[in-house]
Amino acid sequence: MIDLRSDTVTRPTDEMRAAMARAEVGDDVYGEDPTVTALEERVAALFGKEAALFTPTGSLANVLAVRTLVEPGQEVLCESAAHIARAELGAHGAVSGITMRTWHHPRGQIDLQQIGTLFAPDLGPYFVQTKAIAVENTHNFAGGAVLPLDDLRALRVYADGVGAAIHLDGARIWNAHVATGVALAEYGAIADVLAVCLSKGLGAPVGSLVVGSAAAIAESRVRRKRLGGGMRQVGILAAAGLHALDHHVERLAEDHAHARLLAEACGVDPTGVDTNIVVVPRENAPAFVAAAKEQGVLISAVGVNAVRIVTHLDISKADAEAAAAILARL
Ligand SMILES: *Cc1c(COP(=O)(O)O)cnc(C)c1O
């Protein structure tokens with residue numbers, strides 16, 4: 001089977017497993033796991049922030065990050081297909097008491113005009129107060145679309161003008177960095193707080209981080225423990241993340257090339273494929289997914305009229321070419 005359902009399906013490489021086995025560990029709830037501390041310090045520095053916090057999932061990182069900016073009973077604005085709005089099972093409402101209103105863009109992009117219409121810092125005692133704006137780079141459900149740096153900077157200027165904070169869901173910020181050449185610290189500079197994942201394209205089995213100010217991270221450390229996310233000798237997982245940062249970032253360019261190759265085979269303009277995700281419009285998507293599976297290619301349906309193809313660490317050029325031939329035939 002050639003598995004193109006998601007970049008979460010990767011398995012740790014032998015080298016990654018060896019790094020995990022070697023990791024020095026301690027009790028991280030006591031702040032005594034040197035490998036976790038090294039990962040947190042390294043990721044904070046990459047984004048030009050004071051501190052970072054290791055979490056089991058990106059969803060938890062997003063919940064903690066947004067909560068540093070928004071109090072219960074207040075709101076965050078985001079794009080309508082944002083992961084925080086669609087794919088975190090209502091956690092920001094259910095856990096944090098935070099509501100959302102959304103703008104819509106078919107490619108998940110920033111739209112300052114719509115944001116300006118939604119933004120309501122204080123309309124009196126009858127309306128929820130907007131505290132933050134969340135953006136997603138790359139945008140998952142918009143097909144791995146990159147948010148241009150100029151748009152992010154314009155959002156920062158807007159947010160500073162109106163007193164809003166910015167959260168960046170950077171589950172795949174590494175893909176955006178490799179696709180554009182924009183430094184991670186440039187992305188860090190436009191956001192008050194970020195969530196980044198090691199378990200997507202970077203190929204670690206587990207792990208995400210919240211990245212931000214020392215105060216935001218201290219607060220998040222308390223809330224992580226409160227939610228049951230305090231972990232002990234978890235340096236074995238942090239070691240996978242450190243290994244991924246050393247060896248699996250620059251190679252994301254290969255995933256992007258494979259995605260363009262697969263797009264072309266499926267009749268999708270490859271110039272519209274920014275990173276490692278291809279969305280193919282296709283009537284009766286579930287039937288197409290089933291037919292591809294029969295031929296040895298796993299892809300996923302997004303609704304009834306589109307399929308999603310995701311390239312990753314475990315897809316070689318030969319795999320991508322074989323899958324492209326099968327999908328083209330179908
Ligand atoms: C995968 C993902 C997350 C986090 O997902 P987990 O499965 O909770 O690790 C957050 N945001 C985006 C955009 C994602 O694609």
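Details
- Note on residue 160 and residue 302: the extension gain reaches 47.5 nm, defined as 0.36 nm multiplied by sequence separation minus the Cα-Cα distance.
- Using Cβ point charges alone (K and R +1, D and E -1), the dipole size of the chain about the Cα centre works out to roughly 600 debye.
- Note: relative contact order over the stretch 28-89, using C-alpha pairs below 8 Å and six or more positions apart, is 19 percent.
- Between residue 45 and residue 269, the FRET efficiency from the beta-carbon distance, with R0 = 41 Å, is close to 0.60.
- Between the stretch 164-183 and the stretch 98-148, the Cα center-to-center distance that results, in Å: 16
- Computed over the chain, the convex hull of the alpha-carbon atoms projects to a mean area of 16.5 nm².
- Sequence-distant contacts, meaning Cα pairs under 8 Å at least 6 residues apart, place the relative contact order of the chain at 25 percent.
- Members of 49/200; 225/317; 49/317 lying beyond 31 Å, as alpha-carbon distances in this model show: 225/317; 49/317
Only the coordinates and a few stated rules stand behind these numbers; no lab work does. Not measured: the values here are computed from a predicted model. Note that we place each Cβ from the backbone using ideal geometry, even for glycine, and neighbour counts take in every protein chain shown.
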